[in-house]
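Here is the structure we will look at, set down as structure tokens.
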Amino acid sequence: MQVYISDTSEKPIYQQLFEQISSQILKGELQSGFMLPSIRGAAKELRVSVITVKKAWEELERNGFIYTKVGKGCFVANLTENDLNKKKNEIIEQKMSKDLDYYKRMGLKEADIIELVRKLY
């Protein structure tokens, strides 16, 4: 598991952790049953607050990416390929929906947005 924290990012650190770890799970880089570092261990290694890591781990668990075994630690959930695809699509749809709302408020038409996506892709 590799995580990089950006001090210049507008995103809170817990969100950076959540996004990077969930992305690694969705891409299959972190397999089912993989044990995440302890909250204290991750906080020490990343030089961030224990509370920050705890919040990220709670968000991962709330979204079904990991589970906790009391006294043992946190592990990547057993997700089928179908589960992974469903979660990936949900995340993409949520983000795109927010982005599209913003672009619409800016006055862009559907054709403008599609052309911009093609240009940037």
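The values are calculated or read from the model by the stated rules, or taken from the named source; none is laboratory data. Everything quoted here is computed from the prediction, not taken from an experiment. For neighbour counting, all protein chains shown are included, and Cβ atoms are generated from backbone atoms with ideal geometry for every residue, glycine included.
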## Note on the structure
For the stretch 27-42 the number of residues that are surrounded by fewer than 18 Cβ atoms within 10 Å (Cβ to Cβ) and among the aliphatic types (A, V, I, L, M) is 1
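Rundown of residues vs (1) modelled with pLDDT under 95; (2) in contact with a Ser or Thr (Cβ under 8 Å, 6 or more places away or on another chain); (3) of a type in the set (A, V, I, L, M), yes/no style:
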{"site": "Phe18", "(1), (2), (3)": "no, no, no"}
{"site": "Leu26", "(1), (2), (3)": "yes, no, yes"}
{"site": "Met35", "(1), (2), (3)": "no, no, yes"}
{"site": "Thr52", "(1), (2), (3)": "no, no, no"}
{"site": "Glu61", "(1), (2), (3)": "no, yes, no"}
### Summary
Filtering the stretch 84-121 for residues that are closer than 14 Å to Ser23 by Cα and either in contact with a Lys or Arg (Cβ under 6 Å, 6 or more places away or on another chain) or in contact (Cβ under 8 Å) with a residue 12 or more places away in the chain (or both) leaves a count of 4
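Could you tell me which of the residues Ser32, Ser38, Ser22 is under 12 Å from Val3 (Cβ atoms) and either in contact (Cβ under 8 Å) with a residue 24 or more places away in the chain or within 14 Å of the chain's Cα centre (by Cα) (or both)?
Ser22
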### Message
Which residue is nearest to Gly33 (Cα to Cα), if the candidates are limited to the stretch 64-109 and must be under 17 Å from the mean Cα position of the chain (by Cα) and among the aromatic types (Phe, Trp, Tyr)?
### Response
Phe75
